[in-house]
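What follows is one structure encoded as structure tokens, with my remarks underneath.
The values are calculated or read from the model by the stated rules, or taken from the named source; none is laboratory data. Since the structure is predicted, the reported quantities are computational estimates derived from the model, not experimental observations. Every residue, glycine as well, gets a Cβ built from its backbone with ideal geometry; the counts of neighbours run over all protein chains shown.
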Amino acid sequence: MAISTKPTLIPLVILIIITHYSTADTIVSDLHSLRSQSPSGIIHLNETLINRILKSTPKPFHLIIFFDALKLHNQPEPNLKTIKSEFALVSKSFIINNRNTSLFHKIFFCDIELGESKHNFIRFGVRALPDIRIVPPDAKDLKSDSIPIGLGDYPGMGIAESMADIIDLRTGVSIGAIHRPPIVTKTQLGLVIGGFLMWMPFVAKKVI
């Protein structure tokens with residue numbers, strides 16, 4: 001009597017599905033962990049992590065990648081240090097606005113440094129800086145499937161606000177309001193008030 005092998009295919013298919021979803025859940029969990037360890041919420045990407053992300057199936061998130069070059073931070077052009085700080089501001093604002101929402105795992109902000117990962121600059125086709133890319137969940141080829149963020153598309157706006165608007169438009173995920181730090185911090189304000197109070201008796205004495 002012939003034994004049918006068809007039933008054995010069902011557990012195999014189930015195992016493949018579970019493995020795929022387990023891989024995706026694992027990478028999302030790892031990205032959450034890496035984000036929580038960064039003061040700005042920006043995840044530093046290396047070759048191993050990029051390959052893991054690309055291999056995970058499915059990928060229910062977008063990557064927003066800033067291509068950095070530390071050796072250019074002290075140069076006035078292309079002003080990478082300022083643009084990187086604005087990028088960090090968008091990342092922090094997204095976390096503040098969406099920490100307790102279903103959107104929190106939909107976007108991860110990352111960076112790649114030229115001195116450490118020149119190969120990945122080539123994989124993405126990055127030829128000049130500044131360069132910021134959106135990597136959609138279904139991206140296969142990093143060069144052709146990634147979406148450049150052109151900051152010049154929103155003249156007259158702050159850099160962080162421009163980034164947020166473009167990300168909203170391209171991903172369908174709202175960053176929310178940009179939370180800029182106050183121009184004068186509480187510590188600075190306290191020092192100013194303290195100095196003023198110390199100065200007042202001398203002024204009053206002279207007036208009297």
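Does PRO58 count as of a type outside the set (A, V, I, L, M, F, W, C) and either touching a residue at least 24 places away in the same chain (Cβ under 8 Å) or outside any loop (DSSP other than H, G, I, E, B) (or both)?
Spelling it out, PRO58 is indeed of a type outside the set (A, V, I, L, M, F, W, C) and either touching a residue at least 24 places away in the same chain (Cβ under 8 Å) or outside any loop (DSSP other than H, G, I, E, B) (or both).
Tell me, which residue of the stretch 33-46 that is closer than 15 Å to LEU63 by Cβ and in a helix (DSSP H, G or I) is nearest to the chain's Cα centre (by Cα)?
Here the residue is ARG35.
Has the stretch 140-150 got at least one residue that is surrounded by fewer than 10 Cβ atoms within 10 Å (Cβ to Cβ), among the charged types (D, E, K, R), at pLDDT below 90 and within 20 Å of the chain's Cα centre (by Cα)?
Checked against the condition, which is being surrounded by fewer than 10 Cβ atoms within 10 Å (Cβ to Cβ), among the charged types (D, E, K, R), at pLDDT below 90 and within 20 Å of the chain's Cα centre (by Cα), the stretch 140-150 yields at least one hit.
Given (1) in contact (Cβ under 8 Å) with a residue 60 or more places away in the chain; (2) surrounded by fewer than 20 Cβ atoms within 10 Å (Cβ to Cβ), identify the lone condition not met by ILE42.
For ILE42, the exception is condition (2).
For the stretch 26-39, which residues satisfy the criterion of being closer than 19 Å to THR101 by Cα and loosely packed, with under 12 Cβ neighbours inside 10 Å?
Answer for the stretch 26-39, where residues must be closer than 19 Å to THR101 by Cα and loosely packed, with under 12 Cβ neighbours inside 10 Å: SER29, SER33, SER36.
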